[in-house]
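Coordinate-derived values only; no laboratory data. Note that the coordinates shown come from a computational prediction; the quantities given were computed from them, not determined experimentally. Virtual Cβ from ideal backbone geometry, glycine too; neighbours counted across all protein chains shown.
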Amino acid sequence: MNTKHENPNRSAASIVEFCRFARSKGIPVGIQQVLAAAEAASTVGVADSDRFSFALRAALCSSQEEWEKFRHIFDEFWRQPHGAPDAEKVREPRYRNAMKQSNDARLLIGLESDTNSSGEGDGRLVSGASSEQRLKRVDFSEASSAQMAELERLALRLLRQMSVRLSRRMKIDTEGNRIDIRRSIRRNITRGGDPLVLAYKSRKASKKRLVVFLDISGSMNLYSLFLLRFAYALQKHFKRVNTFLFSTRVVEVTDLLRAPQLSRAMSGVAQRAPEWSGGTRIGACLCEFNRGAGRKIPTRDTCFVILSDGWDTGAPEVLAAELRVTRGRVQKLLWLNPLLGLKDYQPITRGIRAALPYVDRFAAAHNLESLLALEKYL
Amino acid sequence: MATGVNETVLGPKRMMPSSHKAPSRKEIEDVDSLIREFERLDYVTDTALATAVYLSTRLRKPLLIEGHAGLGKTEVAKVLASALETRLIRLQCYEGLDVSSAVYEWNYQKQLLAIKLEEKSDHTVEEKEKHIFSREFLLRRPLLLSILEEDAPPVLLIDEIDRADEAFEAYLLELLSDFQVSVPELGTIKAKHVPYVILTSNRSRELSDALKRRCLYHWIDYPGFEKEMKIVRLRLPGVEEQLAVQVVRLVQKVRQLELSKPPGVAETLDCAEAAMALGKSRMDVEAVEQTLGCLVKSMEDSAALRSADIEKLLSQSN
């Protein structure tokens, strides 16, 4: 098949190199794909550059977006200035210095000890059961750093209990309501097949999928820090949680929050997060989400949780339209708003007003107690 | 709602005609012969798609074809089956598709009858159980059928996989890697011939990464003018050249409007065919109005098309 006689090792090496290059350009190429690419290339041959590229594309891409990006990546890697692909030459990878760190975000989410700005006001020492109750009600924006650490521990513990409770609730629900003919027949063979004892079945209730959509814009500064930890705790105890951060752009941090230690998770998030303390465009961000990652989420068992104060600089119509789309896809849409903890707060910001018709539950999120109340709505 | 039943006969054993010679099954030698073969079967393809299909037959990897509706994704599997002169087994996916309608199910009525018939016999309970859970009582659904094929690897079309739920996708993953099915009462059934697998998706949701990683991938885009003309000529041999050109140009313009469901190639063919049936030899505003239902399939889209000024679209397309 392959007319060219080249050193198979060298051509395999350049395929591998190309795969690494593609990975650096944002196509998630796994080892399976690398193998498929090598096999595909040797089946089609490198004589015809179009076919060679089609073969690699079929093997390496797995979505329309990657498909469209591929041409450029291929050209950039294989084509020499005079235009012919050169499989013999292994290019020097060009992506080594692509990793840049942004440190400014680190401070904001409180990796360093001085976590919070307004903590000094009431640094009450807390201990014992009643203090736990009190701690649950401390507004995050007023918690001192000592309280913060305490809160974190408490949150992790309570969330674990919550997830256990939720899964138990699911088990009781699995009383069957449809007759399982297969098992019924089996059970009644000894009685000559007369269906005396029926077996039942029902759809296995699965744990709900949660999507957390967390606002990290400037107006949320006092809360986003803790809410992010809350998301981390949620992800630890619920198997199917996806977490997204947004301000003017959306970024998924699900994988980072899976890190075993909170501190590592947080530093990862700090590097990836879009713009801490920037402006908010909830509508546009939801739009980005709906067009992109949002389609990955299965429809009927998802509970979508927005954590935001609803200060939106975008047009309320956009927000309303996008919320309608999201609402159509998920089972439940919750909006948790830290400002709701304020005594005389009225949901009158334009954003919130536009959103309310599509929200199943509008609740507070200013302290641990309110976050734990989430259990009721799931 | 689709029922997930395959298109072929579900009998326990299909008698092959004696003229059928199993080893004379076709092989596709290279990309060019695949293009020729597809064209012979009235399917216009390009090198990219042909390469992907060819590779999937060569590397024996499933091919995932994504793209908008009406661009001939399903057709690829059908044509491939005819090109390979093998059988097409189709599984139409839908929400709630489960193992009993996709893989296998026991024939309960027959089992109950068998129990009754054996009542007087002196078989032990174990023997009876073994009997009613033998292959005789197994209803083969498409996926099981695809690995039971005796003579040659069939083409297995898993259509609109994005409609099935996640759990099914996970099951499919297992099947696609081992090509075996285990039935608790019978044991494991292994494929005699690994089928050629084509999956299609309309991208109504994203598929799992694990599944995608296992497949070769092809994205079908709207065809360019030349390719679409070729398709129209091939599929509608009686069409007048002028009409075909007008319809194709119009459709290509309509696709650039921001419609919720842009017309695919199937719609182009429908529209041209409708115009022919109405005795039109060229498209005018009236003809477009009359065949509008072929092009757009919702009230909002037809309103959008009308407000885009049909006359202008047509004059641009002349």
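Just a few scattered comments:
- Residues within the reach of a label modelled at B:F225 (point 7 angstrom out along Cα to beta-carbon, backbone nitrogen below 17 Å), restricted to segment B:268-303, are B:283.
- Considering only B:T57, B:T200, B:T47, the Gaussian network model of chain B with Cα springs below 10 Å gives its largest mean-square fluctuation to B:T47.
- Exceeding the 20 Å Cα-Cα cut-off - candidates A:K69/B:K253; B:K190/B:K212; B:K78/B:K192; A:K208/B:K212; B:K253/B:K312; B:K110/B:K130: A:K69/B:K253; B:K190/B:K212; B:K78/B:K192; A:K208/B:K212
- Under the criterion of Cα pairs below 8 Å and six or more residues apart, the relative contact order for chain B equals 21 percent.
- In this simple spin-label model, placing a label point 7 Å from the Cα along the Cα-to-Cβ direction at both B:K130 and B:S208 gives a separation of 3.7 nm.
- At 0.890 mPa s and 25 °C, Stokes D of segment B:225-316 from Kirkwood alpha-carbon radius, µm² per second: 191 µm²/s
- Partnerless cysteines in chain B, where a partner means another cysteine C-beta under 4.7 angstrom, comprise B:C93, B:C215.
- Prolate/oblate/rounded call for segment A:209-377, Cα gyration tensor, a/c under 1.5 rounded: rounded
- Each peptide in A:248-261, A:54-67 was scored by the mean count of other Cβ atoms within 10 Å over its residues; highest first, the order is A:54-67, A:248-261.
- Label-point separation in nm, B:S302 to A:I31, each point 7 Å along Cα→Cβ: 5.7 nm
- Estimated at 0.36 nm per residue, the fully extended path between A:R137 and A:D50 surpasses their Cα-Cα distance by 24.9 nm.
- Placing +1 on the Cβ of every Lys and Arg and -1 on the Cβ of every Asp and Glu, with no other charges, gives chain B a dipole of roughly 660 debye about its Cα centre.
- For B:L278 and B:E39, a Förster radius of 45 Å and the Cβ-Cβ distance give a FRET efficiency of 0.95, rounded to the nearest 0.05.
- Label positions at B:E174 and A:Q346, each projected 7 Å from the Cα along the C-beta direction, are separated by 5.8 nm.
- Residues whose amide H comes within less than 5 Å of that of B:E105, counting only those at least five positions distant or on another chain, are B:L139, B:R141 (H built at 1.01 Å from N in the peptide plane).
- Peptide A:62-72 - average C-beta neighbours from other chains (10 Å radius): 4
- A protection proxy built from the mean count of other Cβ atoms within 10 Å ranks the segments B:173-184, B:111-122, B:140-151, A:320-331, most packed first, as B:140-151, A:320-331, B:173-184, B:111-122.
- For B:E119 and A:D180, the FRET efficiency from 1/(1 + (r/R0)^6), where r spans their Cβ atoms and R0 equals 25 Å, is about 0.60.
- Just checking the listed ones, B:V285, B:V155, B:V248: in the Gaussian network model of chain B with Cα springs under 10 Å, the one fluctuating most is B:V285.
- Rounded FRET efficiency, nearest 0.05, which uses the C-beta distance separating B:H193 from A:S42 and R0 of 25 Å: 0.55
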